[in-house]
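No value in this document is a laboratory result; all are computed from the given coordinates. Here the structure is a predicted model, which means the values were calculated and not measured. When we count neighbours, we look across all protein chains shown, and the Cβ atoms used for this are built from the backbone with ideal geometry, even at glycine.
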Amino acid sequence: MNRPVAEIGQVTATKQISSGLWDIEVYSPKIAVQTRAGQFAHVRINDSFNPFLRRPLSIGPIQDGKLRLIFAIRGEGTRLLSQKKPGDAIDLIGPLGGVFEIPDDDSALVFLTGGIGVVPLLLLDDQLPKRRERVFILGVRSVDSIPVTLDEAEKRHIRWSSDDGSVGFHGNSVQLLENVLNGLGSRKARVIGCGPGKMLAGMKRLCQEMKIPASASLEVPMGCGVGACQSCAVPRTDGKGYLLVCKDGPIFDCNDVVIEPEVLP
Ligand SMILES: Cc1cc2nc3c(=O)[nH]c(=O)nc-3n(C[C@H](O)[C@H](O)[C@H](O)COP(=O)(O)OP(=O)(O)OC[C@H]3O[C@@H](n4cnc5c(N)ncnc54)[C@H](O)[C@@H]3O)c2cc1C
Ligand code: FES
């Protein structure tokens with residue numbers, strides 16, 4: 001496993017993709033060279049004590065030492081982050097957390113993502129060998145709230161679902177997942193999900209019914225990011241306490257943790 005480092009990155013580009021959604025590129029060569037898909041960076045927003053805590057963000061596509069961070073404005077931290085300009089410094093610690101474990105067999109991979117949950121799967125899409133079969137699903141509320149451009153989605157063969165039918169399949173992403181899994185027939189498959197708690201709960205239920213292995217990357221609020229404060233604890237399904245998303249995750253086998261909208265954002 002790689003060792004996280006602290007690095008002062010430099011913002012090289014910023015772009016607003018849609019309302020409240022930003023895509024920024026940060027030159028951070030020491031973190032970039034080590035990162036494997038599924039890992040995240042703990043980002044210090046600025047030099048002042050507001051906000052005091054770092055914010056976890058998944059590491060997206062990497063090129064020439066530059067990391068893409070794609071985020072939704074949720075509160076003060078992400079609002080301030082969206083104001084960064086090329087040339088600004090950003091204090092990062094990373095890569096943190098575990099990586100997506102890909103079975104070494106011929107199973108078809110199905111990525112189920114919702115909103116900004118797409119980010120770690122973009123990097124997995126880049127790091128997987130091209131020949132490995134995958135279906136990439138991205139669910140959004142509407143075309144006005146897309147986290148990647150339509151151009152990028154087309155290049156990656158992403159299949160959209162939207163709640164209002166303005167892009168791709170009209171319906172939610174779990175309904176599209178069910179269609180995709182039915183279409184695979186008797187092929188062995190593995191589902192990997194990242195997105196809102198409601199979507200992940202639906203994915204877990206469906207995969208259990210269809211007896212298909214599934215793992216989920218959980219994006220819960222974090223305090224320390226290193227296993228000290230317990231703020232990222234999620235209940236184990238066996239009733240034996242909790243697992244920590246920052247230390248034991250963020251990726252879990254769906255059978256190991258409680259995945260319900262009441263527990264996850
Ligand atoms: C592994 C991981 C990957 C993620 N990847 C992405 C991504 O790629 N894109 C994206 O948009 N979002 C991502 N998120 C979610 C993102 O971290 C939050 O949206 C972000 O932290 C919100 O910060 P804010 O200041 O804007 O929001 P606010 O709601 O103002 O800040 C609240 C945040 O502050 C922290 N916090 C404040 N006080 C405490 C306390 N006492 N104890 C513990 N925590 C506290 C928590 O992290 C909480 O989320 C990810 C989360 C995780 C865990
Ligand atoms: S964020 Fe502090 S224990 Fe996980």
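On a full-extension model of 0.36 nm per residue, what is the gain between Cys224 and Ser82, subtracting their alpha-carbon distance, rounded to one decimal in nm? Could you put the intermediate results ahead of the total?
Working: separation 142, 0.36 × 142 = 51.12 nm, distance 2.20 nm.
Computed gain between Cys224 and Ser82 is 48.9 nm.
Taking 8 Å as the Cα distance limit and 6 or more residues as the minimum spacing, I'd like the relative contact order of the chain as a percentage.
Details: 583 pairs, mean separation 46.4, N = 265.
It comes to 18 percent, rounded to a whole number.
Go through the chain and flag any cysteine with no other cysteine's C-beta closer than 4.7 Å, please.
Flagged as lacking a Cys partner: Cys194, Cys207, Cys232, Cys246, Cys254.
Express the Stokes-Einstein translational diffusion coefficient of region 123-193 in µm² s⁻¹, to the nearest whole number, given a Kirkwood radius over alpha-carbon pairs, 20 °C and a viscosity of 1.002 mPa s. Don't skip to the end; give the middle numbers.
Values: Rh = 13.0 Å.
Calculated translational D: 164 µm²/s.
Collect residues whose amide H, placed 1.01 Å from N in the peptide plane, falls under 5 Å from the amide H of Arg134; neighbours closer than 5 in sequence don't count.
Leu109
From the alpha carbon gyration tensor of the chain, can you work out the equivalent ellipsoid semi-axes (sqrt of 5 times each eigenvalue) and give them in Å, largest to smallest?
On the way: eigenvalues 157, 92, 63 Å².
Taking √(5λ) for each Cα gyration eigenvalue gives 28, 21, 18 Å.
First select every other residue whose beta carbon is under 13 angstrom from the beta carbon of Val135; then total the charges, Lys and Arg +1, Asp and Glu -1. Could the numbers behind the result be given before it?
Values: positive: Arg132, Arg134, Arg156, Arg159, Arg187, Arg190; negative: Asp125, Glu133, Glu178.
Around Val135, the charge tally is +3.
Take the Cα pairs of region 21-104, get the Kirkwood Rh, then feed it into Stokes-Einstein at 10 °C and 1.306 mPa s and tell me D in µm²/s. Could you put the intermediate results ahead of the total?
Working: Rh = 13.3 Å.
Translational diffusion coefficient: 119 µm²/s.
Could you give me the radius of gyration and the Dmax of region 108-253, taking only the C-alpha atoms into account and expressing both in angstrom?
15.7, 46
Each label point is 7 Å from the Cα along the Cα-to-Cβ direction; what then is the distance between the points at Glu152 and Lys188, in nm?
3.3 nm
Restricting to the chain, what percent of DSSP beta bridges are antiparallel, rounded to 5?
Values: 37 of 60 bridges.
Restricted to the chain, the bridges split so that about 60 percent are antiparallel.
Calculate log10 I(q)/I(0) of region 1-157 for q = 0.16, 0.18, 0.20 Å⁻¹, where I(q) comes from the Debye formula with a single equal point scatterer on each Cα and nothing for solvent.
-0.90, -1.13, -1.36
Can you tell me the dipole magnitude for the chain around its Cα centre, using point charges on the Cβ only (Lys, Arg +1; Asp, Glu -1), in Debye to the nearest 20? Provide the component values of the computation, followed by the final result.
Numbers: 31 positive and 30 negative charges, 52 e Å.
With Lys and Arg at +1 and Asp and Glu at -1, about 240 debye.
Applying a 10 Å radius around every beta-carbon, put 180-193, 210-223 in order of their mean neighbour count, most first. Before the final figure, lay out the partial values.
Working: 180-193: 16.1, 210-223: 19.5.
The peptides rank, most packed first, as 210-223, 180-193.
Using a Förster distance of 30 Å, how high is the FRET efficiency between Lys247 and Phe49, based on the Cβ-Cβ distance and rounded to 0.05? Walk me through the numbers before you get to the answer.
Details: r = 25 Å, r/R0 = 0.84.
Between Lys247 and Phe49 the formula returns 0.75.
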